[in-house]
Structures are given as structure tokens and as C-alpha cells.
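The values are calculated or read from the model by the stated rules, or taken from the named source; none is laboratory data. Bear in mind that the values here come from a model prediction, so they are computed numbers and not experimental data. Cβ placement follows ideal geometry from the backbone for every residue including glycine, while neighbour counts extend to all protein chains displayed.
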Amino acid sequence: MIDYDLISAREAIAQTAVAMAEVQASHIAIYLTIIFAYISVAYIAGSKLSRLQLVLTTFLFVAASIRQIVGIVTLSQVILLKHSQLVELAGGAAVGMGVQHSPWWPAAIWSTGLFAALLFMWSVRHPASE
């Protein structure tokens, strides 16, 4: 006998997980755009910025980047929760979602990008004397 309520619940959870993954992909795309914009500013005008311009640009960059990183990590946790709900509905059997990572690995990776961009701005502002 087919349990239509169980099938409906699985479908709803899977659709929610897919929707959250799409939103997470949007956060990643926005984050990469922010990184590229900051690196472009550093390359094109980094050495010409006044101290106030540098502080404002860097503050906006860090604030926007942290906002996106928090979004990525939060959505990772939601996706993991939905995965565990699917596993529970399946009676503990493995479900083919493929999400088995810690929710904190995106924070480490994306934070590395943030620090690399800041380091690039620093290297443009303080060139090595040869």
C-alpha cells in the first residue's frame, strides 16, 4: 500500500531543500561579485584612495562579505536539517541528497577569499621595495 502522505512530505522537504540550495547559490554569486569588485577597486585605484575612502570601501566590503558568508552558512544548516528530515522519513535509509559536510566549511572557504582580497589591497597600498 502506498502512503501518499509520506510521499507528499518527502516531496515537500526535497523541494524546500532544493529551493534553499538555489538561494545559497545566489548568495555565493553575490559574494563572488563583491570580491571581484573589491579586487578591481584595489587594482585600479587602490594606491590613489585617500584614507577615508579606503576605510569606507573596506568597511562596506567586509560588512557585505560577512553578510553573504552568514547567508551561505545559515542556508547550509537549513539544507542539512532538511536532509536529516528526509533520512528520518525514509526510516534511517540513505537518501541521495549528497549533503554530508559540516555547515562551517563554507565559512572557512569564503572567509579565506575575504582575507585574500584584503591582503591584495594591502599589497597594492604597501608595495614591496626591491
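Name the pairs whose Cβ atoms lie under 6 Å apart, with the first residue in the stretch 8-34 and in contact (Cβ under 8 Å) with a residue 24 or more places away in the chain, the second among the small types (Gly, Ala, Ser) and assigned to a helix (DSSP H, G or I), and 6 or more positions between them or separate chains?
Short answer, once both residue conditions are applied: HIS27/GLY71; ILE34/ALA64; ILE34/SER65.
Residues being more than 20 Å from VAL62 (Cα to Cα) and assigned to a helix (DSSP H, G or I): count how many of those fall in the stretch 2-37.
Residues that pass the stated criteria total 20.
Six or more apart or on different chains, Cβ atoms under 7 Å: show the pairs whose first residue is in the stretch 42-55 and assigned to a loop (DSSP other than H, G, I, E, B) and whose second is of a type outside the set (S, T, N, Q).
Final answer for the pair search is none.
Scan the stretch 110-117 and give yes if some residue there is of a type outside the set (S, T, N, Q) and at pLDDT below 85, otherwise no.
Yes: one or more hits.
Only one residue in LEU32, LEU52 is under 30 Å from LEU86 (Cβ atoms) and exposed (fewer than 15 other Cβ atoms within 10 Å of the Cβ), so which one is that?
LEU32
From the list ALA14, ALA19, ALA64, exactly one residue is under 25 Å from ALA107 (Cα atoms) and at pLDDT 85 or above. Which is it?
Unique residue meeting the criteria: ALA64.
Could you list, in sequence order, all residues of the stretch 65-76 that are farther than 18 Å from VAL18 by Cα and surrounded by fewer than 18 Cβ atoms within 10 Å (Cβ to Cβ)?
ILE66, ARG67, VAL70, listed by residue number.
Restricting the search to the stretch 35-49, which residues are over 23 Å from ILE109 (Cβ atoms), surrounded by fewer than 18 Cβ atoms within 10 Å (Cβ to Cβ) and in contact with a helix residue (DSSP H, G or I) (Cβ under 8 Å, 6 or more places away or on another chain)?
The answer is SER47, and nothing else.
Criterion first (over 10 Å from the mean Cα position of the chain (by Cα), modelled with pLDDT of 80 or more and among the charged types (D, E, K, R)) does ARG51 satisfy it?
Answer is yes for this residue.
Return only the number of the condition from (1) under 20 Å from ILE109 (Cα atoms); (2) surrounded by fewer than 17 Cβ atoms within 10 Å (Cβ to Cβ); (3) aliphatic (A, V, I, L, M) that ILE79 does not satisfy.
Here ILE79 meets the rest and fails (2).
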